[in-house]
Structures are given as structure tokens and as C-alpha cells.
Amino acid sequence: MGYSQEDERIIGEQFERLMASCAKICKNEYDKDLIQRAFFLAKEAHEGVRRRSGEPYILHPIAVAQIVVDEIGLGVKSVVAALLHDVVEDTDYTVEDIESRFGPKIALMVDGLTKMSGVFKTSASEQAENFRKMLLTLSDDVRVILIKIADRLHNMRTLQFMPPHKQMKITSETIYLFAPLAYRLGLFAIKSELEDLSLKYRFPEDYKQIEAKIAETEADRSRFIEKFNAPIIEKLKSNDIDFEISGRVKSIYSIWAKMQRKHVSFEEIYDIFAVRIVFRPSPLIPEKSQCWHIYSLITDIYKPKPDRIRDWVNIPKANGYEALHSTVMGPDGVWVEVQIRSERMEEIAERGFAAHWKYKSEKLSKEEGEFDRWMKQVREALNSSPENAVEFLDNFKLSLYTSEIVVFTPKGDSRTLPQGATALDFAYEIHTKIGNSAMGAKINRKIESIFAPISSGDQVEIITSKNVKPKAEWLEHVITTKAKQSIMNFLKKENLNNIANGIVLFEGKLKEYGVPPSARVFRKILPAYECATKDEFYSKLGAGILKLDGIEKILRDNPANKILKFWTLQIPNPFRFLGVDEKKKNKKLVVDSSEDTEESQFIIAPCCNPIPGDEVVGYKNEVTHKIDVHKKNCNELIKLAAQHGNNLTPVTWSSHKAMSYLSVLEMRGIDRIGILMELSQVITGELNINIRELHIQSHDGIFEGRISLYVKNIKDLRMIMEKVRRIKGVEQVNRVENKIE
Ligand code: MN
């Protein structure tokens, strides 16, 4: 079935728009022809197919290509690959067909994109491993990841057509992986939009509320910004600076995240906007100096906050971001963040990766940029083939977002590491060999342990020794993916060596007694040496932890008793592992699943501790075969959903049974005589509520309290919070999300 005339008109219009955007990247007629041919092939291949929204499918690849050229700034080949990105996946065309028509490079990109879509369709636990495979394409061709991000962005922009549980899966993947990746690749605008869209579907009420408040305060804000900007404009103009100034409101997501993190209301966030100055550099003076010149002109007018200057001009962020940020005291005693950038820096900030490369070729110096160094790290980490893909992904994800410190080698080269890194992380950052033999460190010329934390500006030198080798405890003292992977690889290799040595030692010893190594022998040996497996026994033996003295006696012994002891030790406690109260496991929980009504068993997830009335999502736990009930905004859930999205299941609370749930409140306020009494009266006065624990301490006229109480549902909890809030002196009451610390 073909498309209607109206469809054809819209398709034509959208493609025209794409071609107009591509005018700037097409060098000749051949380029234009290539894009047109890709469009015709994709259109023909997806002919008659429609998206959930009802629109012709071909509009999706066109939109992705449009993002690729307009918002990421990639070239002709990427536009072609974007147009073809779903062709091999969804139609009868093969990669070979693409290759014969568009050449090997484009075919390779389409192949990468096809493999990646497979990642998000597989079930459950394979997904983490597949993420790793997907990230491997980073080392082949970063453009593939960038097109995938464009694809995800368009899917997020059209997410309203998906059913709710698919929305949850997609938004989780987006917030867990795609937004951090976009950030890391320098695509700030796209990262913000992905975050905002995720929020819009995860917490529509919160999103709408913040959106409305931003609109509500718009007039006041504009007036303030105008007042703030006026003297700056005058001053910069009189200094012949060509510039643009604008006041920008932060993204809805970043405002929301701050409200969550700091438990504050919208009104309490003071840095809701920033003023940005983008200048056209004059060719004779270095950009850097011009940034500082503008900074000094502004601080002539407004006093800067001394500890709030961020100099990413001299040392750009690892994702390539360059700018000078400062916070100054504006009119009416309000702190205002000012960002100073050149036009080039602005483009890098908006476009990220692509702009970075564009300018990189113009740079005279050939020094390796921070960005390239990060890419190298990712490549190394990926190639070291970790055993546990989920763990790798967690580490990798952390490496995307953590704030950074910059430290120096003895020769004065700078290295960027995540905040909280130790000298040992630095050693591995320099080279795996240096890490593996690190004995100590000189931090700013002072001898320190290799576990010593390092901070921005430190000069670090690593002292190595041939006699040193990595130990398992090192893992607790490093935070970078590279260091962790290197140490684990070393230990794994060492373990294999130990096993091999152990086998030789053991079999040699058995020969002395003329006993062949049989299952019977191991039944005696393992419990006697308190080892769970043969490998553990061999490995400990090979490492010299175990000695074979007295083995003769063990071989002759009757092993029955010891085996018993050994096996009892081996029984794991699944509930302890899950962190769930042992007592709870037998109680029926008052949660009903709309999908599964028979004999369902739920576990209230201890990480977020939802109570009736909270918005919840169920997660099918493959270990316990029960459904864990998480709060919708639980971080643990987001992680699980991103890795095993298919295990999500909708659940709702049923209200017909009365049970009590443990909840914890935290409060702060100004101490006064009688406040404790009033507090306990308010709480104990409620019939539905039982206090388990009340803990209040007071210092310097401030009191802080923590109450554990049993409530029936969120309504009761809200009511009690409201009553406590009304007590004179109480400034803050918050629900503690996570009771297990
Ligand atoms: Mn797609």
C-alpha cells in the first residue's frame, strides 16, 4: 500500500527542508546525488509502513538526518547513513546492497547502526553486554554513536505515541546512558533536551509545574536581567567589543534535579538562570586574553564571588567545553552566573564533537586533546574484555558524568581525572605498567601512599618498583574504569597462573602417595581446606596461601562430619542479599498487579521503600521470581530498567487491606522550649500512626530530628508532614527515601 497524496506532499516538503540544510555540507553535485539516492532507497524500502503516530515511516529517517546535519553538524556520509539507518534492520535490504550502492564506508556505518538497534530489542540480562558491544562502535566510528543519539532524540521527541511501559523503558535508557553519552561527546543542547523529555514522561506533573513556574516568573526575570545587563552592555561597547548578551534559564531537568537533591522548592533556587556573553574575537589578541579582559570589565561593575570562578579556557573540560564562568553579585544582592565565550567556544559548546574536530584541524599545535585522550581510554577499557558487563557499564557510566580534576605530570603535562581519584588512578592513567608496579607517589614533591587522594592542581609523580604487584584491596582505592579494569585483569591472569601452579603442586604431591586425583579425593580435600571449589583450592595452593602439610592425614580421614560443615556454610541467604527484612518475606504484601492476579508475591524494594499512594513500578526479579516494587523515581529502578527494561511490569496499590509501612522523616528547625513536646503530641495524637523511633538533637539553637514511623499510606504520611510543618520553629520536613545506609 502506497502513501496518499497528502503523505507524499509532507514527505516531499520534509525532504526539501533536509536538502536545504545539506546545501552547506555538499561540496558538489555528487554529494547531493548521494543524499537523494539514499532518500529514494529508504522511501522505497519503508514504503507503506507507518509509525505508531500514523505518519509515514520515512519521515523518521528524514528527521534523524535533519538532526544529524543541523544539531550535530556532521557531514554528507553521516546524513546518508542516517537516512538508511533502519533500512537493513526493518526491510529486505542487506548491508551488501548498501555497499554496492553507496560504498564500503557508508555500509559499515549502516551495519553499526543496525547492530545497535538489536541491542535495545534483546531481552533482559544480555542488554548490558550489548551496551558494551554498542560502545565498541565508539572505537570504530564515533559518527555511528552520534547518529544513534540523533535517532534516540527523535524517538524521544515522538514518545507520546508509545504505550506507558515502553515509555518507561525508553526514558530509562535515555537518562541512564544516552544523556550521559551526549554530554560526554559534548552535545550539551541535545543532552539537556533528552533529560527534559525523560522528565516529561517520567514525572509529567513535576515537569508541568516547573514549566509553569518558569513562565510565571518570566516577566520579573526579564526585568531583572535587563537591569543587570545594561551597565555591562555599555561598558563592553565603550571598549569596542563585538558581542551578544543573553539571559538563559536553566533546563527544566536541571532545576528539577536540584530541587530533588537539595530538597528545596522552585522559589528557593537562586541560580535559575545565567547570563551568557558570546564575543567575536578580534584577530590580533588571543581569545583567552579577551575572555579575561571581559571578565575584568564585568567585575569592575559587579563583585565576583571569589570561589566561583571556573576557568575552562586554559584547561578545557574533557568533553571539549571551553568557557570562563564566574558568579557575581548583581543588583538587589542576587548572585548571577556569567558565562564568557568566543563564537568558536559557543559552537563547540552547542555542537560538541563535530565542532571540536572542525576546529582541531585548524589548530597549529598537534597536542592530543582531552577528548581524544578520553576516546583512547574508552577504547582501552572496552578492549580489555571485562568479565562482568553490568559492572563495566556502571563504571563506564560513572566515567561519563563525574566532575573532573586536572593534575600534572612531573614534566608539566596535564591529565584529567574524575573527582575523588587517587595517586593510583593517576598511575594507571599514565600507563597500565606504571599502575601495576606503583609503590608510592610524590604529590607536590611530598612522599605519599599510592592510595592518597589527589586534587586539582597537584603535581604527581609515581614511584614504581619491580617487587610490587596489584592486590585485590587496590580495587577499593581506585575509581577510574581504566584502573579497575587493569587491576581486575591482572588479578584474573594471576589467578589463572596460580591455578596452573596449584595443579602441578597438587598432582605432584598425590603421586608421592600413589593416589590419583579423583572426585573422592576432592570431597575430602575441599572441606578440610575450607575451599568451595577446586579452582579456589588450586589458586590458593598456587599462590602459597595453602600448604599441603598434613595432607596424608586428611586423605585417610573419614570426611563425613567436615563435609556437613562445609555444605551448611554454602547455603546463601537470598533475602539478606536483597536487603529485605527476613520477616517480611512471609507476609502478603498489599500490592496488586493489574497483569498478574493469582498468588502474586511482591517485595517492597528497600532502596526506595515505597508506601501505598506512591507511584510505583514492578520489576520482575529473576533471582527471587518475585516482583520488586520500586518507586517510580528510584535511581536503582532507573538503572535496572535501562539494563533489563523488559522485566518492568505495571503495578498498582490495592487499598482494601490495612497494613502499615515503615517510613522515615527528617526535620530541621529552630530549637525552642517545648518544641519536642509539641512534636511528639502531634505525632502520637494520630491514631493511624505508630512511632518506632524518634531521635532529636539540638546544637547552637538548631534542632535536627529523625522519626521512624509506621503509616498506612502516602495520605497519612503527607498529613503528618503537614502537621509537623505547621509547628512553630520547624523549617523543613523531608521524607527519607533510603532507609538503608
Ligand atoms: Mn530509528
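For segment 114-122, state whether one or more residues are at pLDDT below 80, more than 16 Å from the ligand (Cβ to nearest atom) and more than 27 Å from Gln36 (Cβ to Cβ). Talk me through it step by step, then tell me what you get.
Step one: list which residues in segment 114-122 are at pLDDT below 80, which gives 115-122.
Then drop every residue that is not more than 16 Å from the ligand (Cβ to nearest atom), which leaves 122.
This time we only want the ones that are more than 27 Å from Gln36 (Cβ to Cβ), so: 122.
There is at least one residue in segment 114-122 that is at pLDDT below 80, more than 16 Å from the ligand (Cβ to nearest atom) and more than 27 Å from Gln36 (Cβ to Cβ).
Restricting attention to segment 72-79, does a residue exist that is of a type in the set (A, V, I, L, M, F, W, C), within 11 Å of the ligand (Cβ to nearest atom), under 30 Å from Gln5 (Cβ atoms) and surrounded by 22 or more Cβ atoms within 10 Å (Cβ to Cβ)? Before the answer, list the steps.
Initially, segment 72-79 is screened for residues of a type in the set (A, V, I, L, M, F, W, C), giving 72, 74, 76, 79.
Applying the additional criterion that residues be within 11 Å of the ligand (Cβ to nearest atom) yields none.
No.
Condition first: crowded, with 18+ Cβ neighbours inside 10 Å and over 10 Å from Pro453 (Cβ atoms). Now tell me which residues in segment 425-434 satisfy that.
Initially, segment 425-434 is screened for residues crowded, with 18+ Cβ neighbours inside 10 Å, giving 425-429, 432.
Matches in segment 425-434: Phe426, Ala427, Tyr428, Glu429, Thr432.
Please work out which one of (1) away from the ligand (no atom under 12 Å from the Cβ); (2) open to solvent by 10 Å² or more (accessible area, probe 1.4 Å) is the condition Arg51 fails and give its number.
(1)
Go through segment 80-96 and report how many residues are among the hydrophobic types (A, V, I, L, M, F, W, C), open to solvent by 10 Å² or more (accessible area, probe 1.4 Å) and within 14 Å of the ligand (Cβ to nearest atom). Spell out how you get there, then give the answer.
To start, the set of residues in segment 80-96 that are among the hydrophobic types (A, V, I, L, M, F, W, C) comprises 80-84, 87-88, 95.
Filter once more, keeping what is open to solvent by 10 Å² or more (accessible area, probe 1.4 Å): 88, 95.
Still in the running and within 14 Å of the ligand (Cβ to nearest atom): 88.
Looking only at that region, the number is 1.
Might you let me know whether segment 97-105 holds any residue that is within 16 Å of the ligand (Cβ to nearest atom) and among the charged types (D, E, K, R)? Before you say what the answer is, go through the steps one by one.
Just the residues of segment 97-105 that are within 16 Å of the ligand (Cβ to nearest atom), to begin with: 98.
Narrowing the set further to residues that are among the charged types (D, E, K, R) leaves none.
Taking every residue of segment 97-105 in turn, none turns out to be within 16 Å of the ligand (Cβ to nearest atom) and among the charged types (D, E, K, R).
If I ask for residues that are more than 20 Å from Ala107 (Cα to Cα), aliphatic (A, V, I, L, M) and more than 30 Å from the chain's Cα centre (by Cα), which ones from segment 57-89 would you list?
Leu59
Hey, could you check segment 161-191 for residues that are more than 23 Å from Tyr321 (Cβ to Cβ) and touching a helix residue (DSSP H, G or I) at 6+ places or on another chain (Cβ under 8 Å) and say which is most open to solvent (accessible area, probe 1.4 Å)? Let's see the steps before the verdict.
Going through segment 161-191, the residues more than 23 Å from Tyr321 (Cβ to Cβ) turn out to be 161-173.
Applying the additional criterion that residues be touching a helix residue (DSSP H, G or I) at 6+ places or on another chain (Cβ under 8 Å) yields 162, 167-173.
Details: Met162: 61, Gln167: 32, Met168: 20, Lys169: 24, Ile170: 29, Thr171: 2, Ser172: 0, Glu173: 2 Å².
Within segment 161-191, the match that is most open to solvent (accessible area, probe 1.4 Å) is Met162.
For segment 200-216, check the following and say yes or no: at least one residue is among the small types (Gly, Ala, Ser) and either crowded, with 18+ Cβ neighbours inside 10 Å or in contact with a strand residue (DSSP E or B) (Cβ under 8 Å, 6 or more places away or on another chain) (or both). Talk me through it step by step, then tell me what you get.
First, pick out the residues of segment 200-216 that are among the small types (Gly, Ala, Ser): 212, 215.
Keeping just the survivors that are either crowded, with 18+ Cβ neighbours inside 10 Å or in contact with a strand residue (DSSP E or B) (Cβ under 8 Å, 6 or more places away or on another chain) (or both) gives none.
Checking segment 200-216: not a single residue is among the small types (Gly, Ala, Ser) and either crowded, with 18+ Cβ neighbours inside 10 Å or in contact with a strand residue (DSSP E or B) (Cβ under 8 Å, 6 or more places away or on another chain) (or both).
Kindly indicate the residue of segment 516-533 that is hydrophobic (A, V, I, L, M, F, W, C) and farther than 19 Å from Glu552 by Cβ and also surrounded by the fewest Cβ atoms within 10 Å (Cβ to Cβ) among those meeting that condition. Quick ask: steps written out before the conclusion?
Start the filter on segment 516-533 by keeping residues that are hydrophobic (A, V, I, L, M, F, W, C), which leaves 519, 521-522, 525-526, 528, 531-532.
Narrowing further to those that are farther than 19 Å from Glu552 by Cβ: 519, 532.
Values: Ala519: 7, Ala532: 12.
My answer is Ala519.
Could you please let me know if Lys317 is farther than 30 Å from Asp413 by Cβ and touching a Ser or Thr at 6+ places or on another chain (Cβ under 9 Å)? Steps first, please.
Numbers: farther than 30 Å from Asp413 by Cβ: no; touching a Ser or Thr at 6+ places or on another chain (Cβ under 9 Å): yes.
No.
Testing Leu74 on (1) on the phi > 0 side of the Ramachandran plot; (2) at pLDDT below 90, one condition comes back false. Which one is that?
For Leu74, the exception is condition (1).
Any chance segment 461-474 includes a residue that's hydrophobic (A, V, I, L, M, F, W, C), assigned to a strand (DSSP E or B) and open to solvent by less than 60 Å² (accessible area, probe 1.4 Å)? Don't jump to the end; show me each part of the working.
Here is the first cut: in segment 461-474, the ones hydrophobic (A, V, I, L, M, F, W, C) are 462-463, 468, 472, 474.
Imposing the further condition that a residue be assigned to a strand (DSSP E or B) reduces the set to 462-463.
When the remaining residues are screened for being open to solvent by less than 60 Å² (accessible area, probe 1.4 Å), the result is 462-463.
Looking through segment 461-474, at least one residue is hydrophobic (A, V, I, L, M, F, W, C), assigned to a strand (DSSP E or B) and open to solvent by less than 60 Å² (accessible area, probe 1.4 Å).
So in segment 314-330, with the set limited to residues that are of a type outside the set (A, V, I, L, M, F, W, C) and assigned to a strand (DSSP E or B), which one is farthest from Tyr302 (Cα to Cα)? Please lay out each step first, then the result.
The first filter runs over segment 314-330 and keeps only residues of a type outside the set (A, V, I, L, M, F, W, C), leaving 314, 316-317, 319-322, 325-327, 330.
Then drop every residue that is not assigned to a strand (DSSP E or B), which leaves 325-327.
Values: His325: 14, Ser326: 11, Thr327: 9 Å.
The residue in question is His325.
Which residue, of Val664, Val651, is at pLDDT 75 or above and closer than 30 Å to Val730 by Cβ?
Checking each option against the conditions leaves just Val664.
Quick check on my filter: what residues within segment 27-56 are in a loop (DSSP other than H, G, I, E, B), within 36 Å of the chain's Cα centre (by Cα) and within 21 Å of Lys77 (Cβ to Cβ)?
Filtering segment 27-56 down to residues in a loop (DSSP other than H, G, I, E, B) leaves 27-28, 46-49, 51-55.
The next check asks that each one be within 36 Å of the chain's Cα centre (by Cα); those that pass are 46, 49, 51-55.
Selection gives His46 alone.
Would segment 620-637 turn up any residue that is buried (at least 17 other Cβ atoms within 10 Å of the Cβ), in a helix (DSSP H, G or I) and among the hydrophobic types (A, V, I, L, M, F, W, C)?
For segment 620-637, residues buried (at least 17 other Cβ atoms within 10 Å of the Cβ), in a helix (DSSP H, G or I) and among the hydrophobic types (A, V, I, L, M, F, W, C): present.
Enumerate the pairs (first residue in segment 217-239 and assigned by TED's automatic domain parsing to the domain that holds Ile277; second residue anywhere and of a type outside the set (Val, Ile, Thr) and assigned to a helix (DSSP H, G or I)) with beta-carbon separation below 6 Å, excluding pairs fewer than 6 apart on the same chain, so at least 6 apart or on different chains.
Lys227/Pro331; Lys235/Leu297
For every residue, the table says whether it meets (1) in contact (Cβ under 8 Å) with a residue 40 or more places away in the chain; (2) surrounded by 13 or more Cβ atoms within 10 Å (Cβ to Cβ); (3) farther than 30 Å from Tyr428 by Cβ; (4) within 27 Å of the chain's Cα centre (by Cα).
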{"residue": "Val478", "(1), (2), (3), (4)": "yes, yes, no, yes"}
{"residue": "Lys482", "(1), (2), (3), (4)": "yes, yes, no, yes"}
{"residue": "Met488", "(1), (2), (3), (4)": "yes, yes, no, yes"}
{"residue": "Leu496", "(1), (2), (3), (4)": "no, yes, no, no"}
{"residue": "Ile503", "(1), (2), (3), (4)": "no, yes, yes, no"}
{"residue": "Gly514", "(1), (2), (3), (4)": "no, no, yes, no"}
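Looking only at segment 265-286, filter to residues that are at pLDDT 90 or above and more than 28 Å from the chain's Cα centre (by Cα); which one of those is surrounded by the most Cβ atoms within 10 Å (Cβ to Cβ)?
Ile277
The values are calculated or read from the model by the stated rules, or taken from the named source; none is laboratory data. Worth saying up front: this structure is predicted, and the values here are computed from it rather than measured. Reconstructed Cβ throughout: ideal geometry from the backbone, glycine too, with neighbour counts over all protein chains shown. Surface areas here come from the heavy atoms of the whole protein model, side chains and all, with no ligands, DNA or RNA. Shrake-Rupley method; radii C 1.70, N 1.55, O 1.52, S 1.80 Å.
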